Amino acid sequence: MKSIAIFCGSGDGYNEIYRETAYELGKTLAEQNIRIIYGGAKIGLMGALADGALQHNGEIAGVIPYFLKTKEVVHEGLTELITVETMHERKLKMSELSDGIITMPGGWGTMEEMFEMLTWGQLGLHTKPVGLLNVNGYYDALKALSDNMVQEGFLDEYVNASLLISDSIEDLMEQMGAYVPPAVPKWITEQST
């Protein structure tokens, strides 16, 4: 992979391990010459990620909507800053510029970004690996919920398995490198339009 989009929180969380891991992810990707595409902020896990990449000579591009750019949250040292109009355009641009996606801990915005990427993959709109960096067991409950969706018949197992999960940066990168997208049925045909 040449570039990875990272979705993560604009907050720090209460445990220092979140910031430390975000910084380490930025550093690791920089050392592997993988370009980072992220939300462009200097605050929270986003800022730690950017600092980790930049302090290790990494290339990092921020994609930020204009209304957030005006709130003075933009990281000033980025390799590239791309301004878009809407949050939807932000996700689309981040997806277009990346070969894979990693989600770290965050709130509703981070969840929404990840779920949209998963949904696009499920619908066959992309074939990129989507990884979840499960720092400090943050996403254990989400994994249990996803498994329950399968058990209750609302999510196919092959779709559930397409979300790659690890608590280790190295293991997650290995999973993403070996990822083979599932065969997606063509849900929309000429007869159904």
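The values are calculated or read from the model by the stated rules, or taken from the named source; none is laboratory data. Note that this is a predicted model, so its numbers are computed, not measured. Ideal geometry is used to build each Cβ from the backbone, glycine not excepted, and the neighbour counts take in all protein chains shown.
Of all residues in segment 20-70, which are small (Gly, Ala, Ser), more than 17 Å from SER98 (Cα to Cα) and either part of a loop (DSSP other than H, G, I, E, B) or out of contact with any Lys or Arg (no Cβ under 6 Å at 6 or more places or on another chain) (or both)?
Of segment 20-70, the ones small (Gly, Ala, Ser) are 22, 26, 30, 39-41, 44, 47-48, 50, 52-53, 58, 61-62.
Those left that are additionally more than 17 Å from SER98 (Cα to Cα): 22, 41, 44, 47-48, 52.
Across segment 20-70, the qualifying residues are ALA22, ALA41, GLY44, GLY47.
For segment 117-128: of the residues being in contact (Cβ under 8 Å) with a residue 60 or more places away in the chain and in a loop (DSSP other than H, G, I, E, B), which is surrounded by the fewest Cβ atoms within 10 Å (Cβ to Cβ)?
Across segment 117-128, the extreme among qualifying residues is LEU123.
So which residues in segment 69-116 are in contact with a His (Cβ under 9 Å, 6 or more places away or on another chain), free of Cβ contacts under 8 Å to residues at least 60 places away in the same chain and either within 16 Å of LEU49 (Cα to Cα) or of a type in the set (Ser, Thr, Tyr) (or both), if there are any at all?
Within segment 69-116, just LEU81 meets the criteria.
Looking at segment 162-180, which of its residues are among the aliphatic types (A, V, I, L, M) and surrounded by 12 or more Cβ atoms within 10 Å (Cβ to Cβ)? Talk me through it step by step, then tell me what you get.
Going through segment 162-180, the residues among the aliphatic types (A, V, I, L, M) turn out to be 163-165, 169, 172-173, 176, 178, 180.
Listed by number, the residues that qualify are LEU163, LEU164, ILE165, ILE169, LEU172, MET173, MET176.
Table: residues versus (1) small (Gly, Ala, Ser); (2) modelled with pLDDT of 95 or more.
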| position | (1), (2) |
| --- | --- |
| ALA50 | yes, yes |
| THR70 | no, no |
| ILE82 | no, yes |
| GLU89 | no, yes |
| GLU96 | no, yes |
| THR103 | no, yes |
| GLY107 | yes, yes |
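From the residues in segment 71-100 that are assigned to a helix (DSSP H, G or I) and among the basic types (Lys, Arg), which one is farthest from GLY39 (Cα to Cα)? Walk me through it before giving the result.
At the first step, the residues of segment 71-100 found to be assigned to a helix (DSSP H, G or I) are 87-96.
Filter again for among the basic types (Lys, Arg), leaving 90-91, 93.
Details: ARG90: 8, LYS91: 9, LYS93: 10 Å.
Residue satisfying both the conditions and the ranking: LYS93.
Considering ALA48, ALA5, ALA30, which residue is in contact with a helix residue (DSSP H, G or I) (Cβ under 9 Å, 6 or more places away or on another chain) and under 18 Å from GLU89 (Cβ atoms)?
Working: ALA48 fails: under 18 Å from GLU89 (Cβ atoms); ALA30 fails: under 18 Å from GLU89 (Cβ atoms).
Selected residue: ALA5, the only one of ALA48, ALA5, ALA30 that is in contact with a helix residue (DSSP H, G or I) (Cβ under 9 Å, 6 or more places away or on another chain) and under 18 Å from GLU89 (Cβ atoms).
Of the conditions (1) closer than 25 Å to ASN15 by Cα; (2) crowded, with 16+ Cβ neighbours inside 10 Å; (3) of a type outside the set (Asp, Glu), LEU155 satisfies every one except a single condition; which number is it?
(1)
If a residue has to be of a type in the set (D, E, K, R) and modelled with pLDDT under 95 to count, how many in segment 144-162 make the cut? Break it down into steps so the answer makes sense when it comes.
Of the residues in segment 144-162, the ones of a type in the set (D, E, K, R) are 147, 152, 156-157.
If we keep only those that are modelled with pLDDT under 95 as well, we get 156-157.
Final tally of qualifying residues: 2.
Identify the residue in segment 1-34 that is of a type in the set (D, E, K, R) and touching a residue at least 40 places away in the same chain (Cβ under 8 Å) and, among all such residues, is nearest to PRO129 (Cα to Cα). Step through it out loud before you land on a result.
Narrowing segment 1-34 to residues of a type in the set (D, E, K, R): 2, 12, 16, 19-20, 24, 27, 31.
After this cut, where a residue has to be touching a residue at least 40 places away in the same chain (Cβ under 8 Å) as well, the list is 2, 24.
Numbers: LYS2: 13, GLU24: 20 Å.
Here the residue is LYS2.
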